[in-house]
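Shown next, in structure tokens, is the structure this report addresses.
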Amino acid sequence: MPRTLARKDPSSFKTLPLLVEATPDGLSYRSLGMPLNFTQMLERRRPLQIDDGQRFSAELANLGVSVRLTLSWQGREYWILVRQRRHDRGDVVLKLISGYVPAHELNLPLLTAINEVAEECLLETPDGWLAGRFGDTWLPTPYQSVLRYRELAHFRLSPLSGAARPVQCGNLRLLERPRAYVHLPTASLQLVYDMRLDLPKETRLPSLFHVDEVLEEGKLVSRLDRSRGDIYLVALDQRRPTGELLRLKRGVLLPVSTRGLWLAESFAPQQGWLVRDERTPWKDWLARQNVLATPRQAKEQG
């Protein structure tokens, strides 16, 4: 049975609409207007039309962050994806760990990003749950009241190489150089941070679980469902996807069928600074990566 970990009042969330200006050399954003609550933000996330993907100025509904998290385990590397049922779009996709940036972190979206990792990606070992650090910064332990976190071991987050084109918040350049795109169907700016997750050497039999918030009776409810880990691993070879999709349960990697699988918009084609699609099929994304499906995968995909 799913276990309730936390309940939040969504009315406490505030964000800010944005003015985004883009050129072929870089992108900058700044706040525009008054703070929005969660409902007001969603009302603004309507399709937007921009023709020139390299040079434009646009008013957007919100800033979001995603983390392309690379897990190192037993000498191999994997991208971590999470499963999400998107009620507002009527689909189920695998996506990067992601979230909305609150108003007070608009000029420090990296903080939102690492907090999302702590909230969405849970690592369990037989000795307890793992907390994490990013450099000298401890990640929050949002479920400490109901889960037993280990005291003498933690995972580490570290930045990987950033995007080529710079992103600025006002006059402040984001040093981590996240990849940026404007998602036209939701009129939002998304920043994608590239990070690595290293487990402590003594880690035994780890399992990965995804915790997502669901709006129920006016509250945002976070639940842990052990029967559905909802975290998936894309196997890499020299940092490129191989086409293998797996789950990690008690230290064992289990293959996952990719039949009918869809990925979120961060995997869709990007034209300049723009992403125009809501989602993209797994097999189409693999083809764009020049990855050939294995015989088993080809049979699954029909």
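The numbers here are math on the coordinates, done by the rules we state, and not lab data. Since the model is a prediction, treat every value here as computed from it, not as a measurement. Reconstructed Cβ throughout: ideal geometry from the backbone, glycine too, with neighbour counts over all protein chains shown.
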The chain - mean residue ellipticity at 222 nm from DSSP helices (-39,500 (n - 2.57) per run, n ≥ 4, rounded to 500):
-3000 deg cm²/dmol
Mind pulling up the Rg/Rh value for segment 186-302? Radius of gyration and Kirkwood radius, both on Cα.
0.99
Identify all lysines with a Cα-Cα distance to K219 below 18 Å; exclude those on the same chain that are fewer than 8 residues away in sequence.
K8, K14
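Fully extended, how many nm does the chain gain between L172 and R259 (0.36 nm per residue separation, minus their Cα-Cα distance)? Don't skip to the end; give the middle numbers.
Working: separation 87, 0.36 × 87 = 31.32 nm, distance 4.38 nm.
The L172-R259 span can extend by a further 26.9 nm.
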The aspartates and glutamates whose Cα lies under 12 Å from the Cα of K201, excluding any fewer than 8 residues away in the same chain, are none
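When the dipole is taken about the Cα centre of the chain, and only Lys, Arg (+1) and Asp, Glu (-1) are charged at their Cβ, what size is it in debye, to the nearest 20? Present the calculation step by step, with values, prior to reporting the outcome.
Details: 43 positive and 35 negative charges, 148 e Å.
Result for the chain is approximately 700 debye, rounded to the nearest 20.
So for segment 203-265, considering every pair of alpha-carbon atoms, how many percent are separated by more than 15 Å? Working shown, then result.
Values: 1256 of 1953 pairs.
Result for the distance tail: 64 percent.
Taking the beta-carbon count within 10 Å as an exposure proxy, list S28, S158, S145 from fewest neighbours to most. Walk me through the intermediate numbers first.
Values: S28 18, S158 12, S145 8.
In increasing order of surrounding Cβ atoms, one gets S145, S158, S28.
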Would you order D51, D277 from fewest to most other beta-carbon atoms within 10 Å of each residue's own beta-carbon?
D51, D277
Which value, in Å³ per residue, describes the convex hull spanned by the Cα atoms of the chain?
142
